[in-house]
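*Asks:* Dumping the structure here so I can ask a few things about it.
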Amino acid sequence: MYSKQRGNILFLILLAVILFAALSYAVIGNERGQVKSAAGENSEAKAAELSNYFIQIDTAVQRMMLTGGIKDYEINFYYAFASNYVIGSNDNTNCTASACRVFDPAGGGVSGRKTTAFATDVVNSSNLRVFYISVPGVGTSFPDVVLAQYTTPLGICEALNKKIGQSGIIFNVPAPNETNALMYFFSIPIGPIPSVTQTLSGISPQVGSQGTFCTCSGSDLTACLASSWMPITYHVVLAR
């Protein structure tokens, strides 16, 4: 009788241990799921925030051109001082008044901002870059005015691409040759039709036509994250 009781007690203790372990596993799993969910929601919120900033710039540029009579080559992203809201120290000399400055209250009136919230490298990627490159599926073969955010966090990159029906990052998209296409930093915007003819290769017309997308030059995620400049978010602000 004594052995039977002791056996029952041992069984109950073992059962309690198993139930406690199962409960602990469930709680930990739930907490991990909540953390993962919160991280995903934060990335989507940041992606929406960056998209809204692009929309503000788009709206200002279209209004400046339609109601202000500003030409596409007069649109000026330089404002007040070097690398204020876009990287570079070269002003757009085609713009001779406040009305053609995107971030000037008397021009586009966009509240410019640093983009450190959308970068893993908050020193070298704290400003948008302005490229003159031709994007497949956008306008003609002439260079488009494209904003680029370097070192976009992986979660934000994936959230942006999800909006255009892309699963994850778009790989095998070489970054533009900056010395030939990066305006304001290496050179000033030029002429009614820029002579820059560089094309963003590796992008399909279907993706390019979406206007905003996130890419990597590497062939896979490991190669992508190994680069100090990737991923890159592109946004076509003005099609030519």
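Just so you know, all these numbers are worked out from the coordinates, no wet-lab data involved. Note that the structure is predicted; figures quoted are calculated from it, not measured. All Cβ positions, even for glycine, are placed from backbone atoms using ideal geometry, and neighbour counts span all protein chains on display.
*Asks:* After finding the eigenvalues of the alpha carbon gyration tensor for the range 46-238, what semi-axes result from the square roots of 5 times each, listed largest first in whole Å?
*Replies:* Whole-Å semi-axes of the equivalent ellipsoid: 26, 17, 16.
*Asks:* Please report 144, 72 as a ranked list, fewest other C-beta atoms within 10 angstrom at the top and most at the bottom.
*Replies:* The fewest-first ordering by Cβ neighbours comes to 72, 144.
*Asks:* Taking the simple approach of a point 7 Å from Cα along Cα-to-Cβ for both residue 42 and residue 80, what is their distance in nm?
*Replies:* Simple spin-label model gives 2.9 nm for this pair.
*Asks:* Okay, next question. Quick check on the exposure proxy: order 184, 73 from fewest to most C-beta atoms within 10 angstrom.
*Replies:* Ascending Cβ contact count within 10 Å gives the list 73, 184.
*Asks:* Can you compute the FRET efficiency between residue 206 and residue 178 using 1/(1 + (r/R0)^6), with r the Cβ-Cβ distance and R0 = 25 Å? Round to the nearest 0.05.
*Replies:* The pair residue 206/residue 178 has a calculated efficiency of 0.45.
*Asks:* So what's the gap between the Cα centers of the range 55-90 and the range 158-207, to the nearest angstrom?
*Replies:* Between the Cα centre of the range 55-90 and that of the range 158-207, the gap is 18 Å.
*Asks:* What's the exposure ranking of 55, 188, 170, going from fewest to most Cβ atoms within 10 Å?
*Replies:* Listed from fewest to most nearby Cβ atoms, that is 55, 188, 170.
*Asks:* From the phi of every residue in the range 163-171, what ³J(HN,Hα) in whole Hz does the Karplus formula 6.51 cos²θ - 1.76 cosθ + 1.60 yield, where θ is phi - 60° and glycine or proline is x?
*Replies:* Whole-Hz 3J(HN,Hα) from phi for the range 163-171: 5, 9, x, 9, 9, x, 6, 8, 8.
*Asks:* What does a probe at residue 113 reach in the range 53-69, counting residues whose amide N is under 13 Å from the point 7 Å along Cα→Cβ?
*Replies:* From the range 53-69, the list is 53-57.
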